[in-house]
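Since every read-out is calculated from the coordinates, none of them should be taken as a lab result. This structure is a prediction, so every number in the text was calculated from the model and none was measured. Here the Cβ is made from the backbone with ideal geometry for all residues, glycine too, and neighbour counts use every protein chain on show.
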Amino acid sequence: MKRTLVTGGAGFIGSHLVEALVAQGRDVLVFDNFSTGKRENLPDSNRVQVVEGDISDKSHVERLFRKFNFDTVFHLAAVASVAKSVENPEETHRTNFDGTLYLLQESVKHSVVRFIFASSAAVYGDLPELPKKETDPVKPLTPYAVDKFASERYVVNAFELYGLKTTALRFFNVFGPRQDPSSPYSGVISIFVDRVIKSLKGEDAGITIFGDGKQTRDFIFVKDVVKALLLVERSHDAVGGVFNVGTGKATSLLDLLDYLAKIAGRLPPVHFAPPRRGDIKHSVADISALRGLGFSPSFTVEEGLRVLFEWERENG
Ligand code: NAD
Ligand code: UD2
């Protein structure tokens, strides 16, 4: 029996992908060390099997591929926090780089059909050209970004070198249910929505904006990231390529607050603080390459925020 492997499947983005795969009637194997992922993120389905393990444990990865037969590998497991990668480059390198290499090697050896890798817009660094195109120069500034870029090269080159049908996707700022708001370096939307809900519940919560709030990002709703992952899996034209995954639209933090005020009825107190060191003023994706494969986002930022807000109110 063929299964679809989702590394990091218990995490924020991975768990949404697993849900979508199960809805397609596929049998999914989640390989996750539960460092940030949670079992309760996963759907309760007999189509989902979970193996707890670490992608940087080479012999465990080898055993996994010997035991199971995979059609597609969606490789999402990573230390996804840039701050953690700066604090602990060696440990994150083992997951974010070595782990990718082991998975690639085993996928070649066992003739996996498709291999799709979650890279990041962080590879572009602070270069000023906008919107970001896949052909632009890169400037990875942190251990996280360096490992993502190096992994990306190994991933796409594995097609030329070994015939493994690979694709790397550079996710921009993903948001949605199950994103953890608990660290100051969590995604800004997860933090803002958490504070809005807390204040509606009468808790003492405020929003901090670092800078003037006019900085922009390309925020993409997690369901649209899943849509891109599944589209790319089916696309011959995506093989051996690198694609941005965003909406192509820039949204400022002040826009986010306007949307949230409309959705929630009111906002908690908003404080302005100096910009964070190294913060990028603007980031937006050129998604013409992904559009060329047939992609268009289904959710505007405001629509995604509405879904997230309702979800958090019920489950948060
Ligand atoms: P997440 O932390 O929720 O998910 C990562 C998952 O990987 C977790 O379930 C974690 O337990 C697992 N994991 C970590 N180290 C592991 C290891 N050594 N072995 C096995 N499992 C391990 O983060 P996310 O936001 O869902 O990110 C998913 C992927 O998307 C990551 O590769 C991340 O770098 C990438 N990405 C995310 C964003 C974003 O905005 N969230 C942006 C760009 C790229
Ligand atoms: C993303 C990554 C970051 C790094 C960076 C590289 C996430 C969560 N962060 O940062 O790790 O890869 O890209 O470019 O994926 N902000 C506030 N108040 C808050 C929190 C954030 O004003 O409480 C600001 C923050 O200073 C920034 C903007 O919101 O200007 C977006 O912050 P972010 O951390 O969500 O995303 P980003 O793109 O800065």
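Quick rundown of the values:
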item	result
Over the chain: Kirkwood hydrodynamic radius from C-alpha pairwise inverse distances, Å	19.9
Of 300, 11, 184, farthest towards positive along the dipole that unit charges on Lys, Arg, Asp, Glu beta carbons give the chain	300
Charged-residue dipole, Cβ positions (Lys, Arg, Asp, Glu), the chain about Cα centre, Debye nearest 20	400
Normalised contact order of the chain, rounded percent, pairs of Cα under 8 Å and 6 or more residues apart	16
Highest average packing first - 95-101, 159-165, Cβ atoms within 10 Å	95-101, 159-165
Between helix 143-162 and the chain: long-axis angle, C-alpha atoms, 0 to 90°, nearest 10	30
The chain: angle of helix 253-264 to the longest principal axis, Cα-based, in degrees nearest 10	80
Protection proxy ranking of 227-236, 62-71 - average other beta-carbon atoms within 10 Å, highest first	227-236, 62-71
Over 30 Å (Cα to Cα) - which of 84/262; 38/148; 109/132; 38/281; 67/139 fall in this group	84/262; 109/132; 38/281; 67/139
Hydrodynamic radius (Kirkwood) for segment 165-239, which is based on Cα pairs only, to one decimal in Å	14.7
Where trypsin sites (Lys or Arg not before Pro) fall in DSSP loop in segment 90-134, at most 13 other Cβ within 10 Å	none
Kirkwood hydrodynamic radius over Cα pairs of segment 97-202, then Stokes diffusion coefficient at 10 °C and 1.306 mPa s, in µm²/s	99
Helix 58-67 axis, angle to the chain major axis (alpha carbon atoms, nearest 10°)	70
Size of segment 138-194 as Cα extents on the principal axes (Å, biggest first)	46, 24, 15
